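Trainee: Handing you this structure, nothing more for now.
The values are calculated or read from the model by the stated rules, or taken from the named source; none is laboratory data. Because the structure is a prediction, the values reported are computed rather than measured. Positions of Cβ are backbone-derived with ideal geometry, glycine not excepted, and every protein chain shown enters the neighbour counts.
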Amino acid sequence: MKLDELVADGTVSRYDDYSTDSRVHFAVTVPNLPTMSDASIEKHLAITSTMNVNNMHFFDSRGKIVKYGNVNEIITEFFAVRLDFYHKRKAFLQRQLEEEHKKLANQLRFVRAVMSKEIDISNRKKGDILIELRSKGFDRFSGNESAIDQAALLLIAFFLLSRACL
């Protein structure tokens, strides 16, 4: 470890490692810290380093290897790709929220229709109720021909319309 080398050569008198699996935390004691400049501290403790960035070859957004002249070119390429994916993700989440809103609106409409006796669900077969729901314009979700979502409306009605919930 680099800190052990700094203790051995006298640059650091001691260090304590308080790091956890999710946080890095070292307490470093430097004997002549008040007399050192910021640049000297960085140099002696090897806090910063430089990298050679002359030979930067990466895959571009089309999957081809490209040589980039500087870091800004890489960031510009990455930004365009990420922005596209952010738009796709936003559209996906928006569709999910709209679908959820539509389901909840259907559930509310169904419960209100049962409470107002517009739809009677007592002593009727599930198939008959589902046919009535389709005729009254209740939505099917995800092209589900077995009408599981409409059956879910029925279950909600049974629970919500029981005496305990009223």
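Trainee: Can you confirm whether GLU42 is at pLDDT below 85, under 38 Å from the mean Cα position of the chain (by Cα) and outside any loop (DSSP other than H, G, I, E, B)?
Mentor: Numbers: at pLDDT below 85: yes; under 38 Å from the mean Cα position of the chain (by Cα): yes; outside any loop (DSSP other than H, G, I, E, B): yes.
It is true that GLU42 is at pLDDT below 85, under 38 Å from the mean Cα position of the chain (by Cα) and outside any loop (DSSP other than H, G, I, E, B).
Trainee: Examine segment 51-59 for a residue that is within 30 Å of the chain's Cα centre (by Cα) and surrounded by 10 or more Cβ atoms within 10 Å (Cβ to Cβ), and state whether such a residue exists.
Mentor: The answer is yes; a qualifying residue exists.
Trainee: Suppose we filter segment 114-166 for residues that are at pLDDT below 60, more than 25 Å from GLN96 (Cβ to Cβ) and of a type in the set (D, E, K, R); how many remain?
Mentor: Here the count works out to 1.
Trainee: Further, regarding this structure: For segment 48-74, what are the residues that are at pLDDT 90 or above and among the hydrophobic types (A, V, I, L, M, F, W, C)?
Mentor: ILE65, VAL66
Trainee: Got a number for residues in segment 1-28 being under 14 Å from HIS44 (Cβ atoms) and not in a helix (DSSP H, G or I)?
Mentor: First, pick out the residues of segment 1-28 that are under 14 Å from HIS44 (Cβ atoms): 2-3, 5-13, 15, 28.
When the remaining residues are screened for being not in a helix (DSSP H, G or I), the result is 9-13, 15, 28.
Matching residues across segment 1-28 total 7.
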